[in-house]
Amino acid sequence: MELNELDLIDLRLLELLQTDSSLSNQAMAATVHVSPPTCLRRIKRLHDAGLVERQVAILRPDRLAELQGHGLTAFVEVTLDRQGAEQLQAFEDRAVAEPAVQQCWRVAPGPDFMLAVHARDMPGYLALTQRLFTSDANVRNVKAFFGVKRAKFDTRIALTPSR
């Protein structure tokens, strides 16, 4: 479905979905001041238009750490030796298939990729580096930065009305 513009109700619904998608249809309808059937129809239209990629639960790492240990978060710059379309796609395919890679970005200028990875511990990170970087003859340079404190984490995209 093609959607050409978003009105204020659409934007408010998208903001609510980004903040807490577990809200009931009735609660969202009341918040944006529309009837529940209208709300449901609009949310379905937003989904059908491809604006909502997926709905997930966001885990609290501090609470999870009490049960599984703190883990290790690294932000990794990767530069390839050859940057042809085929080589870039081959590395990207391997990176996105790796469960420890939470985010994979092609970037410019500078390195070819930025990865956000989460490993259980340093041996887990070392195993990841062996799988993704060491075994690939096309990886020229890897530079890792390790997270020591997460000051902010948000998945929301700031929404503004169209002009």
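The values are calculated or read from the model by the stated rules, or taken from the named source; none is laboratory data. Keep in mind it's a predicted model, so treat the numbers as computed, not measured. All Cβ positions, glycine included, derive from the backbone under ideal geometry; neighbour counts span all protein chains shown. Accessible surface areas use protein heavy atoms only, side chains included; no ligands, DNA or RNA. Shrake-Rupley method; radii C 1.70, N 1.55, O 1.52, S 1.80 Å.
Values computed for the structure shown
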read-out: Where residue 27 falls short, out of the listed (1) part of a loop (DSSP other than H, G, I, E, B); (2) over 24 Å from the mean Cα position of the chain (by Cα); value: (1)
read-out: Residue in region 107-144 that is nearest to residue 8 (Cα to Cα), counting only those that are in contact (Cβ under 8 Å) with a residue 60 or more places away in the chain and open to solvent by less than 90 Å² (accessible area, probe 1.4 Å); value: 144
read-out: Residue 56 being modelled with pLDDT of 95 or more, assigned to a loop (DSSP other than H, G, I, E, B) and within 30 Å of residue 6 (Cα to Cα); value: no
read-out: Any hit, region 80-91, residues being part of a strand (DSSP E or B), in contact (Cβ under 8 Å) with a residue 60 or more places away in the chain and touching a Phe, Trp or Tyr at 6+ places or on another chain (Cβ under 8 Å); value: yes
read-out: Output for region 71-90, where each listed residue is closer than 10 Å to residue 115 by Cβ and not small (Gly, Ala, Ser); value: 75, 76, 77, 78
read-out: Qualifying residue in region 67-77 (condition: open to solvent by 30 Å² or more (accessible area, probe 1.4 Å), in a helix (DSSP H, G or I), closer than 18 Å to residue 144 by Cα and at pLDDT 95 or above); value: no
